[in-house]
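Below is one structure, written out as C-alpha cells; the observations come after it.
The values are calculated or read from the model by the stated rules, or taken from the named source; none is laboratory data. Bear in mind the structure is a predicted one, so any value in this text is a computation, not a measurement. Cβ coordinates were reconstructed from backbone atoms using ideal geometry, including for glycine residues, and neighbour counts include every protein chain displayed. To get the accessible areas, we keep the full protein, side chains included, count just its heavy atoms, and leave off ligands, DNA and RNA. Shrake-Rupley method; radii C 1.70, N 1.55, O 1.52, S 1.80 Å.
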Amino acid sequence: MNKRRIPLLIFLSLTLAACAIGYQARGSLSDVPGELRGKGYPGNVSGGGRFALADRDGRLQCDGLLSPPETSPMPGSCQGETGKGLVRCSDGREIPVRWTALTCRTFEGSGEDRRGNRLDFRVERKG
C-alpha cells in the first residue's frame, strides 16, 4: 500500500467515526412494551441516513434506512426537510416511514406496519 494513503485512510476513518458518535435514536412501537433505543448514522451530503433501535433485552432489533429529503422548504437549512424511509425489524415486520428534520441535528418520524402497529422515532445529536 502507498505510504501516503495510510494517513489519509486513518483520517477518513476517524472522521466517519466522529460523525456517528453522539447520535442517539429512540423510539416506540405500539405493540412492544418499553422504549426502543439505539444509534443514528448520518447520511452523505445529500441527506438521509440510517438508525438502529432495539428493545431493552435486545430481542427485537430494527434498522431504519432513510432516503435523502424529498422537500426542503428553507434553502441552505435542514430545518423542515421531509422524506421517506423503510424500517426492517428482526421479527420480520417492515414499516414504511416518513421523517421530518427539526434541525440539522434532529429528525423525527413515524409509520405503521401492515397490522397497524405504530412506530414513532427520534434521532438527535447529543453533546
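Rolling a 1.4 Å probe over the protein heavy atoms leaves Leu66 with an accessible area of roughly 10 Å². Hull volume per residue, based on the alpha-carbon atoms of the stretch 20-77 and their convex hull, is 111 Å³. The order of Tyr41, Tyr23 by accessible area, most exposed first and with a 1.4 Å probe, is Tyr41, Tyr23. Provide the net charge surrounding Asp31, with neighbours chosen by a C-beta distance below 12 Å and charges set as Lys +1, Arg +1, Asp -1, Glu -1. Result for the local shell: -1.
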